Structures are given as C-alpha cells and as structure tokens.
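Undergrad: Before we start, here is the structure in question, set down as structure tokens.
Laboratory data are not the source of any read-out in this text; all were calculated from the coordinates shown. In this text the structure is predicted, and so the values were computed from the model without any measurement. When we count neighbours, we look across all protein chains shown, and the Cβ atoms used for this are built from the backbone with ideal geometry, even at glycine.
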Amino acid sequence: MQTIIEVKNLTHVYTDSENKEIKALDGINLEIRQGEFVAVIGANGSGKSTLARHFNALQRPSEGVCLIEGMDTTVEENLWDIRQHVGMVFQNPDNQIVAAIVEEDVAFGPENIGVPTAEIRTRVDAALAAVGMSDYAKHAPHLLSGGQKQRVAIAGVLALEPKCIVLDEPTAMLDPQGRKEIVTTVKKLNREKGITVVYITHYMEEALQADRIIVMGEGKLKMQGTPKEVFSHVRELYALGLEAPLAAKIADDLRQSGLNLQQGIITNEELAESICR
Amino acid sequence: MPITLENVEFTYMAKTPYERKALQGVSLTVDKGEFVAVIGHTGSGKSTLVQHLNGLLKPSAGKVTIDGLDISGKGEAVKKARHQVGMVFQYPEHQIFAETVFEDIAFGPRNKGMQENEVKQQVQDAMRFVGLDFETFASRSPFQLSGGQMRRVAIAGVIAMDPDYLILDEPSAGLDPRSRDAVFAEIMALYKKRRMAVILVTHSMEEAARYSNRLLVISGGRVILDGSPAEIYQNHKNELLAVSMDVPQLFKLSDELRARGMEIQADTMTAEALEAQIKTAKGLK
C-alpha cells in the first residue's frame, strides 16, 4: 500500500518559560500507509499531540522531515494541499463549531476552499450521512449531545474530502455513549471509505480497535505493533505511565503465578477461554 | 451532619420555548464519611444536581440543606454553610487566576476569613497533600506549570478551605492512567484522613467501582438507582445499559468466566480478588 505520511528523524524543540530547550519529539521515524487505522497512545507530555500536529503542518520539524504524500511540510507552497489531504479533529467539540445550524457548520470548510455551491450540497449531505447525523442537518449544534457535536465536527472535516483524518483525543470530554459513537463512526469511515485514521487517545479500549498502535514516551517512539503485540507488554506500558486492558493485565499476573495461558490475550473472552479450557 | 435534598426540582429557561426540566423530585441525603459516585449520560442532570449541593444553582421547587440549614436564604450562617462544600470543577486548571501558586491556593482560605498565619499553614498543608513542594512552587506562576501540576494547584485551593463535603466533577478527564491514579491516591488519602463526604461525578464505571461506597445513577433528571456499586453493577446491568451506562470491565470478565462454569463471588470488586479466585479454582496457591 501507498505511504501517505512519512516522518524521518523528526525532532521538535521548543523553548520553555525559563529559556530551557525542551525536545518534545526526539528522532521519530514512522510511516503510515494509505487506509491504515493507527492509534497513538502515551502519557501526558509524551509528545503524541505534537507529533499529530506535524501531520497537517500545524507544527514544523526543528530537524528531520515530515512528508505528506511526498510533500514537505516546511515548504510554504505545500500547506494548502497538505491541509486538504489531512483534516484534524480536536478534543473539545464546542471549540470547533462555527455556525448556528449543523449543515452550515459542515459547509464552512468546502465554502472556504471555493467548492462550487451545487457540490457543497452533495458533500454536506454525504458527510452528515457518513457520521449518522443527516436527521440533524437543520438543528442548532449547541443543543446536541457531546457525541453528536463531535460527529458534526468530523463531518466538517469529511466535507473537505481528506485522505487522512487526525483525531486528537476526540472522546476525552464525552460520556461512554458518546465515546462509542465516535469510535464506531471513525472505524466505519476507515473500513468503508478507506480514509486513513490517526487516532490519539488515553482510552486503551479505543486503541484496541486500531490496526496498529504507536506508543510514545518522552518524545520518542517507544513501541509499535498490533494491539495484541503492544498490549502484551503489560509491564513496559506501566513503566511508560500507561495501562494494558484489564484482561491483559490479569493474564500477565496469572502467568507470573505460574498459570499456563496462551500468549497475546487482550480481551475478556480470550482470557476466560484460555483459563477455562 | 448531612447535606439533604428534599423534592428538588430544577427547570432551565423556564417559560421559554427551550424550557427543560433538568431535575424532577430529587430527594437525597449525603452524610459525612460517604464516598458517593454519581454517573449518568450527558444531559441526565448530574451536573445540575451537584451544583445544587453548594447553592450554585437554586432549586425551582424543594429544599437543599447543609447541616440542617436551608441554603436558599441569605446571611452569614448560610454563607458559612456553603463554604463547607468545596467544588472542583471539570478541567479545574481553567479556574486558576492568581500570579503565584501561593496566592491562588490562599484565595479560598482568605475569603473564608482566616488569619494570614493560618492561611499560610493551610496553603503549606494543602500543597504537601497534593505533592507540590512548597519551596519550589509557592512563588512560581501557576501558568508555567504542566497540566497535571496545574490541576494539583486547583485541587489544593479547594482542600485549603477544609471542606466537610468535597465535590469533584470528573477530576481525571484528560489525564493519562498514571496521573489519574496519582490524583485518586490523593483524594483517597484526604477522604480517609478527614472523613469528609466525597461526591464524585464520573463517566468511568471503573472509577465508581474502585473508589465509591455508594453509587447514584441519574437519568432524566431523577435518581433511578441508589446503592452500593457492587449491588448495582451486579444486579442492574440491563437498567444501566438502557440509560447508556455500562458495567466495569471486571464485571464483564467475571461474567465471561461464570458463563464457562467458573464460580466467581458476586461481590468481587477488585482485580486482586478476582485473581485470587481464579488461582484457587486452578489449584494454584
């Protein structure tokens, strides 16, 4: 499959309030392929948001390169194209909604890039359908639930027809129902429309849905692999300030006590099956 | 002495087309020494409910009392009673406003009328409690701290007021697992030391199961379930799912094991307790 995001030896340095240089990112090498669903996990301050913000050139590398579809994010002329390829969704839905009616909010992006009126209509309808919000097209966004607002924000990005969506903790402010809505929506966009997804989260059960998990710590890429591979490293994750799903943790404890369990257990069903065999 | 709600009703935007009943006939008593978790989906009325506990919102009908005193009135006694209820809002770091960490934490105690030497003592104690070194941090600007540190400053500001009732609205939102555990370790230590009442609003079934000894489930502006977390998670799974709530992973895992013939006690609340039963069942020590 084609590479959509390529990061080579990426380092990002900033100066803090006491004039000390801080390496938010330190020599990251990474490739994300078209159509992948990649979750990024890491403790607060591990650099995961900084990394994600490089993917649509909200931040630029201090050293190394970040290429989006081969386009260098430090080249000013590329920004327009890069930002149409990679859309971003942030944590707080209230900060991302600009209009007083849902469909106008979704139309804001395409209007801005000069899409013809007739096509805007088609794009808005398609985007709202894709996130399951067609029935709310004429509603006022501020009366929607958190999960619904966040789906409108995703529709706003979809209307730009990006190849890749980067979501930075999109469920942090939502209740369990809202979280489920977002994960289901994102997964569907990935599977059915082939949109590349980079999904940053503190919720390990959400990361389980991804094809690949990237683990950040202290500005470095510490681990990566399938959910099974990554979550089998229970103690390494703990040392990075993270936790594995409950089933993986209990499986690890039980193995330590001498119980013979299969490897790669991450779900409750797998653990129960392996114990009661 | 408790906080009580008697038949509390609350209506947002009354007499407008947007009129909405957020609370309907809520009666409730929270005693000191209780650790109450409040769960419910967005819009269920749980935030409206907790904002009644210290008089931030006034009931449209019904009565709220703190230690026997109706707090809808005015006067010194009412003000004092409301000061007994400390509230840590969601994203409390957004409430920080002072130039130094000391000034920010000292705001509450001063407002409460404490003498300056007493204020300093309270600030020192509160900072020690949340793990911020006084010498290092007291004179720093809170806005130069990390997100986790700022949240500690905000919590210290509430603790410094010595509340008898502590309300926490999703204190772990946006924190990674380790910071989450650290914040709760502080809250539990405080709860055990002062035997205050803690009222925790949370979206996490795990947090409710792990820390509370009483669980309130709110839906449609009413308290639909009120009991121990063990009892509610064990016996009311379907009601919880019906109001978009869930049961903790531990209960799901226990159910998977039971479905395959293993006996797991109904009151199993921790991973350690579950592991012990699995080991016994598999003949390990």
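Undergrad: Answer with one residue from B:LEU200, B:TYR233, A:TYR199: the one whose Cα lies farthest towards the positive end of the charge dipole of the protein assembly as shown, charges on Cβ with Lys, Arg +1 and Asp, Glu -1.
TA: B:TYR233
Undergrad: For peptide A:265-272, compute the average count of partner chain beta-carbon atoms within 10 Å of each residue's beta-carbon.
TA: Average per residue, whole number: 4.
Undergrad: May I ask for the distance between the Cα centers of segment B:24-40 and segment B:256-277, given as a whole number of Å?
TA: 29 Å
Undergrad: Counting only DSSP beta bridges with both residues in the protein assembly as shown, what percent are antiparallel, rounded to the nearest 5?
TA: 55 percent
Undergrad: Return the subset of A:LYS249/B:LYS279; A:LYS138/A:LYS163; B:LYS32/B:LYS237; A:LYS8/A:LYS228 for which the Cα-Cα distance in this structure is over 22 Å, preserving the input order. Provide the component values of the computation, followed by the final result.
TA: On the way: A:LYS249/B:LYS279 15 Å; A:LYS138/A:LYS163 27 Å; B:LYS32/B:LYS237 29 Å; A:LYS8/A:LYS228 26 Å.
Over 22 Å apart, Cα to Cα: A:LYS138/A:LYS163; B:LYS32/B:LYS237; A:LYS8/A:LYS228.
Undergrad: While we're on this one: Can you say what percent of the DSSP beta bridges in chain A, counting only those with both residues inside, are antiparallel? Round to 5.
TA: Antiparallel bridges: around 55 percent, rounded to the nearest 5.
Undergrad: Please label the shape of chain A as rounded, prolate or oblate, based on the square roots a ≥ b ≥ c of the eigenvalues of the alpha-carbon gyration tensor (a/c under 1.5 means rounded; beyond that, a/b larger than b/c means prolate, else oblate).
TA: In terms of gyration-tensor shape, oblate.
Undergrad: Something else about it: Calculate the mean, over all residues of peptide B:249-257, of how many other protein chain Cβ atoms lie within 10 angstrom of the residue's Cβ.
TA: The mean count of partner-chain Cβ atoms within 10 Å per residue comes to 5.
Undergrad: Now for a separate question. Please report the net charge: other residues with Cβ closer than 12 Å to the Cβ of A:VAL65, K and R +1, D and E -1. Kindly include the intermediate steps, with their values, before the conclusion.
TA: On the way: positive: A:LYS8, A:ARG60; negative: A:GLU6, A:GLU63, A:ASP72.
With Lys, Arg at +1 and Asp, Glu at -1, the neighbours total -1.
Undergrad: I would also like to ask the following. Using unit Cβ charges (K, R positive; D, E negative) and no other charged atoms, how large, in debye to the nearest 20, is the dipole of the protein assembly as shown about its Cα centre? Let's see the in-between values first.
TA: Numbers: 62 positive and 75 negative charges, 202 e Å.
I would put it at about 960 debye.
Undergrad: Rounded to the nearest whole Å³, what is the per residue volume of the convex hull around the Cα atoms of the protein assembly as shown?
TA: 173 Å³
Undergrad: Moving on. What does the average come to when, for each residue of peptide B:146-153, you count the partner chain Cβ atoms lying within 10 Å of its Cβ?
TA: Across the residues of B:146-153, the mean count of other-chain Cβ atoms within 10 Å is 1.
Undergrad: Just need the relative contact order of chain A here, percent rounded to a whole number, with Cα pairs under 8 Å and 6+ apart.
TA: Working: 535 pairs, mean separation 59.6, N = 277.
Answer for chain A is 22 percent.
Undergrad: Right, another one. Give the order of A:CYS66, A:CYS164, A:CYS276 when sorted by the count of other beta carbons within 10 angstrom, beginning with the fewest.
TA: Values: A:CYS66 26, A:CYS164 23, A:CYS276 16.
Arranged by neighbour count, lowest to highest, A:CYS66, A:CYS164, A:CYS276 become A:CYS276, A:CYS164, A:CYS66.
Undergrad: Checking the a/c ratio against 1.5 first, then a/b against b/c, what shape does the Cα gyration tensor give for segment A:185-277?
TA: Taking the square roots of the gyration eigenvalues as a ≥ b ≥ c, segment A:185-277 is oblate.
Undergrad: If you find the alpha carbon centre of segment B:101-134 and of segment A:214-277, how far apart are they in angstrom?
TA: 42 Å
Undergrad: Let me ask something else. For segment A:3-244, give the magnitude of the charge dipole about the Cα centre (Cβ charges: +1 Lys/Arg, -1 Asp/Glu; no others), in debye to the nearest 20. Mind dumping the intermediate values first?
TA: Details: 25 positive and 34 negative charges, 109 e Å.
The calculation lands at about 520 debye.
Undergrad: Which whole-number percent gives the relative contact order of chain B, counting Cα pairs below 8 Å spaced six or more residues apart?
TA: 23 percent
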